[in-house]
Amino acid sequence: MTKNYNLLLNLKNKKREFVLKNKDQFKYLKTKHSWHLVDPSPWPLVAALGAFMMTSGGVLYMQNFYGGGHLCLTGFAIILYVMFTWWRDIVREATFEEQHTFSVQRGLRLGMILFIVSEIMFFFAFFWAFFHSSLSPVFNLGGVWPPEAIQTIKTSGIPLTNTFILLSSGATVTWAHHALIVRAKKQALISLIFTLILAILFTALQGMEYVDAPFNISDSVFGSCFYMATGFHGFHVFIGTCSLFVSFVRIIFNHFTATHHFGFESAAWYWHFVDVVWLFLFITVYWWGGIHY
C-alpha cells in the first residue's frame, strides 16, 4: 500500500515539474480573448469548386458543348450542399458552442457590409454595360435603343407586379425583425411566412416572364444585358429566400434572442439589398430602357 502511494506521489511530482518547466512554452494556450478561432473547414474549397463548375458549365452550355448543362447543374448542386453544411457549422458554433461573442458579431457585421458592397459593384458592371450600349447605340443596332428588331416587355405587366411584391416582402421582413427585437415569436414567424410566400411568387412570375419574353439572351446586346442583370438578380432572390427560410427554421427552434440574432439580421440586410437592386432594374432596364426613341 505504501509502495503504491509513493509511486503515485512520484508521478504527481513529475507532472508538477513538467508543467512548471514548460509553463512558458504552453503560455499561448491560456490566451484570453473574445474572438472565435475557427476550426479548419473544407467548405470554402468545395464552394469554390462548385462555383467554378457551375460557371464553366453555364458557358459551355451556352456554346452548345456536350455536357455543359450537366456540369452547370452539378456545380449548382454542390453549392446547395455547401450552403447546407456550412450554415450548419456556423449555426452550431453560434448557438450551441456560444462562439459568437459581441466582438465576433461586430466582425460578422463588417464582413456582411463589405460583402454587400462587393455585390453592388457586381451589379454596377451590368448597369454600366447597359448604359454604355443604350446612351450611344452603335450603327448595327440601328442607331436607336432599344434595337429595331427588339420587342420590349410591357412595364405595366409582370415587372410592375413584381415590384409591388418585392417591396411588400421588404416590409414584411422588417416586421419580422422588429418582432424578434420585442420577443414576439409568433409575429416573427407569421411575417416570415408572408415574406417567403412573396419571394416564391416573385420567382415564379419572373420565370413566367422569361418563358413568354419576345426575345432571348442572344438577341443583341439588349438581350444580353437584360438576361444577365435580371437573371443574376433572380439568383440573388433565390439565395435570399434560402437564407430567410433558414432563419424561419431557427426561430422555430428558439436559436435567436432579442439581442443575438445576426443570422436573421444578415438575411434581412441581404433582402433589402435585393429590393434596391430591383428598383434600379425596374426603372432603368424595364421602364427607361423599354422606351423607343
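The values are calculated or read from the model by the stated rules, or taken from the named source; none is laboratory data. Source: prediction; values computed, not measured. Reconstructed Cβ throughout: ideal geometry from the backbone, glycine too, with neighbour counts over all protein chains shown. Each accessible area value is taken on the protein alone, full model and side chains, heavy atoms only, with ligands, DNA and RNA left out. Shrake-Rupley method; radii C 1.70, N 1.55, O 1.52, S 1.80 Å.
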Nearest 10 degrees, 0 to 90: helix 43-62 Cα axis against the chain principal axis: 20
Other-chain or far-sequence residues with amide H under 5 Å of residue 145's (modelled H): 293
Backbone N under 15 Å from the residue 35 label point (7 Å along Cα→Cβ), restricted to region 105-140: 105-111
Principal-axis tilt of helix 68-91 within the chain, Cα atoms, nearest 10 degrees: 40
Exposed-loop-free span, longest in the chain, where GluC sites (Glu not before Pro) count as exposed if DSSP calls them loop and at most 14 other C-beta atoms lie within 10 Å: 149-293
Carbon/sulfur fraction of accessible area - region 90-208, other protein chains in place, 1.4 Å, %: 72
Normalised per residue, the volume of the convex hull around the Cα set of region 139-190 (Å³): 102
Convex hull of region 138-293 built on C-alpha atoms - directionally averaged projected area, nm²: 9.1
The chain: calculated mean residue ellipticity at 222 nm from DSSP helix runs of at least 4, using -39500 (n - 2.57): -24500 deg cm²/dmol
Loop-located trypsin sites (Lys or Arg not before Pro) in region 167-227 whose Cβ has at most 11 other Cβ within 10 Å (DSSP): 183
Acute angle (nearest 10 degrees) that the helix 158-181 long axis makes with the longest principal axis of the chain, alpha-carbon atoms: 20
Solvent-accessible area per residue for the chain (1.4 angstrom probe, square angstrom): 62
Share of carbon and sulfur in the accessible heavy-atom surface of region 225-277 [1.4 Å probe, %]: 76
Isotropic mean projected area of the C-alpha convex hull, the chain (nm²): 23.9
Hypothetical label at residue 239: residues of region 57-76 whose amide nitrogen lies under 16 Å (7 Å Cα-Cβ projection): 75-76
Two-site FRET efficiency, residue 272 against residue 148, from Cβ-Cβ distance with R₀ of 35 Å, rounded to 0.05: 0.35
Region 63-208: proportion of alpha-carbon pairs further apart than 19 angstrom, %: 78
Segment residue 253-residue 156, length gained on full extension (0.36 nm per residue, minus Cα span): 30.8 nm
